[in-house]
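One structure is given below, encoded as structure tokens.
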Amino acid sequence: METYTILFLAVVFLIFLFVKAGKDAKAQAKRLKTLLKENFGKKSSREYEPDEYERISHLYLHDKERKTYDDLKWEIDDITWNDLNMDNLFMAMNTTQSQIGEEMLYSILRYPVTDTEKGAEILKERARVIRFFEEHEEERISFQTAFKAMGRIKKYSLADYIGFLKDVREEKNYGHNLCVIFGLVAIAMIFIMPPAGFVLILVATAVNVASYFHRKNEITPYLVCIMFIVRAMRESKELLVHDIPGLKEYQQRIKNDLEKLSELNRMTWLLMSGRSLTGSIMELPMDYFRIFFHLDLIRFNEMLTVVRREEDALNDLMHVTGFLDSMIAAASFRHMLQYYSEPEFIEGVGTEFKAEELFHPLLLTPVPADISADRGVLVTGSNASGKSTFLKSSAIAVILGETIMTVPAKSCRMNRFAVLTSMSLRDDLMAGESYFMAEIRAMKRILDEVKKGEQNIFCFVDEVLRGTNTVERISAGAELLLGFSNEKTLCFAATHDIELTHMLEEYYDNYHFSETIVNDSITFDYHLLPGRAESRDAIKLLDLMGYDKEITDAAFGISEEFISTGNWPRVKKRV
């Protein structure tokens, strides 16, 4: 009777655990759904380890090596990416739920669609998918839940994993199958001839264990790769649970890829040797069983063959799931902004850029700017008045428009452009390169692209040749900016050299930012205004900071004489 009572209680306890596990899973799913709803349209607060963030770029580098996006014609180079602080923008908008999603989002931002033949359809489709996820919350959350389950592995990217699997020595299972047969024969001999069977078991164990670990040590690092791929495949199936007309094409691609890779799903438990987190008492004998019969090695070799044979299907599966996750992040990004517009593209050769109430997407209280340009623009004004922010806002607008069809502006009309910048350079002490050398290299790469004439160029230059003396800066700067002015090139440049605004006024429109000094304090309104800057408040700032009045008065006198005569006077030491 006591035995039955114990068994009954054990069964009740197991049922309780089963029910509790089900309730916990439902509660967890409900919490996740609420969290996904609440976080949509909010800036990502995720923090990154340096190695983890560096890994995100590996899919982009992998695709670059495979020339996946060559037909898009253009890639944002490292100088432009860093000048525009695109890492910060990416981190703010990276609300993807999966590793492949964030890697895909990064890759998309590095490859604007500038090709006029394919570009229209590519961007039109991206905009459609983004709008779909904006408008269909249930489908969006369903997909995000599946992407969340795919997870992230901080050490490597999926592109790394696929690359690693190419390096594994391919091995047939003949030797492992012989070990299985040897083991079975030894076990059978125990029942036929026990003494001989016992000896044979010892020999089979020694041979099988030695050969097992010889191969196991070789493939252990790659087991994680295989298991991550299997998990991604398993969660990809969740994207097919419901037929979604708006995403039918992508669901069909996922289905086709999963069918080609279906062999990977069979008997995956055989690969879990030494990797269980359950602590089950059955794991130890299962490990011995796998070792003796080489089961995980046999299964790994079979799966490796499938991965190599179906590499295209695997890459496509990763790219299509990553694309969908990244487009959800783009939809969320749209709702982070105060307002946005989808750009209107002007096809063909040209240099038009027109934006209404354009702003920088990372500023909490931005001051919008209206700009309409079909030729170069020179921007003048004091330091900290808003020149650099305007240039960055314009460049980022073009990149976002050509990648996720989302411009931080009320409206935007433009040609398709390849974007290049020379803005935030630094002395490279490690390379022994001065600021000026870095600057002329950066400018040279822009000039080279302009000379190629292969596509429309939109270049942004902050302080032309600031690393050299005034005479050479103005003379060389004028010629460079003139070189950036043609039917296929649009240049926005900020400068303190008012001389350039006069020398180039036939080719460049002038805009400026101004400041106001009231009650011994300076304020900036950050409004972009037409015309060149006329104020000379730099010397007034010296006065505000408490400089000797004799110094500031003398400085005013020198500037007045230069303006009236065009010559710099000799300065005399005051007694």
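In a DSSP loop and with at most 10 other Cβ atoms within 10 Å, the GluC sites (Glu not before Pro) in region 34-64 are E47.
Put in order of Cβ neighbour count within 10 Å, fewest first, the listed residues F484, F40 become F40, F484.
Candidates A120, T80, T145 compared by Cα position along the dipole of region 48-161: farthest toward the positive end lies T145, with charges placed on Cβ.
Averaging over every viewing direction, what projected area does the convex hull of the Cα atoms of region 344-514 cover, in nm²? List each step's numbers first, then the result.
Details: hull surface 41.3 nm².
Seen from a random direction, the Cα hull of region 344-514 projects 10.3 nm² on average.
Spatially close Lys pairs in region 344-514, defined by Cα atoms under 26 Å apart and a spacing of eight or more places or different chains, total 19. The alpha-carbon of K148 sits under 13 angstrom from the alpha-carbons of these aspartates and glutamates, leaving out residues fewer than 8 places away in its chain: E102, E235, E238, D325. Charge tally for R131 (other residues, Cβ to Cβ under 15 Å; Lys, Arg +1; Asp, Glu -1): -1. Subtracting the Cα-Cα distance of R309 and T470 from their residue separation scaled by 0.36 nm leaves 51.7 nm. Note on region 160-324: lysine pairs with Cα distance below 20 Å, sequence gap of 8 or more or different chains, count 7. For region 160-324, dividing the convex hull volume of the Cα atoms by the residue count gives 134 Å³ per residue. Fewest-first ordering of H512, H527, H58 by other beta carbons within 10 Å of each residue's beta carbon gives H527, H58, H512.
For the chain, what ratio Rg/Rh do Cα atoms give with a Kirkwood hydrodynamic radius?
Numbers: Rg = 32.3 Å, Rh = 28.6 Å.
Computed over Cα atoms, the ratio is 1.13.
Among the chymotrypsin sites (Phe, Trp or Tyr not before Pro) in region 316-410, those located in a DSSP loop and surrounded by at most 14 other Cβ atoms within 10 Å of their own Cβ are Y339.
Mind ranking 97-108, 288-299 by how tightly packed they are, going by the mean number of other C-beta atoms within 10 angstrom, highest first? Walk me through the numbers on the way to the answer.
On the way: 97-108: 25.8, 288-299: 20.3.
So the peptides 97-108, 288-299, ranked by packing, come out 97-108, 288-299.
When the alpha carbon coordinates of region 79-139 are projected onto the principal axes, the ranges are 38, 32, 18 Å, largest first. Just flag the trypsin sites (Lys or Arg not before Pro) in region 81-127 sitting in loop per DSSP whose Cβ has no more than 14 other Cβ atoms within 10 Å. Passing sites in region 81-127 are K118. Averaging Cα coordinates gives a centre for region 73-93 and one for region 341-362; these two points are 18 Å apart. Once you divide the Cα radius of gyration of region 170-212 by 2.2 N^0.38 Å, the number left is 1.22. Given +1 at the Cβ of Lys and Arg, -1 at the Cβ of Asp and Glu and no other charges, the dipole of region 344-514 around its Cα centre is 320 debye to the nearest 20. Treating region 441-490 as a set of equal point scatterers at the Cα positions, no solvent, please give the Debye-formula log₁₀ I(q)/I(0) at q = 0.19, 0.27, 0.28 Å⁻¹. Treating every Cα as an identical point scatterer, log10 I(q)/I(0) equals -0.61, -1.07, -1.12. Calculated [222 nm] ellipticity per residue, helices only, for the chain: -19000 deg cm²/dmol; basis is -39500 (n - 2.57) per DSSP H run with n ≥ 4, divided by all residues, nearest 500.
Summarising the amide proton neighbourhood of I346: residues at separation of 5 or more, or on other chains, whose placed amide H is nearer than 5 Å comprise M414, N415, R416.
Every number in this text was worked out from the coordinates using simple rules, so none of it is lab data. Predicted, not measured: the structure shown is a model, and the values here were computed from it. So basically every Cβ, Gly included, is an ideal-geometry build from the backbone, and we count neighbours across all protein chains shown.
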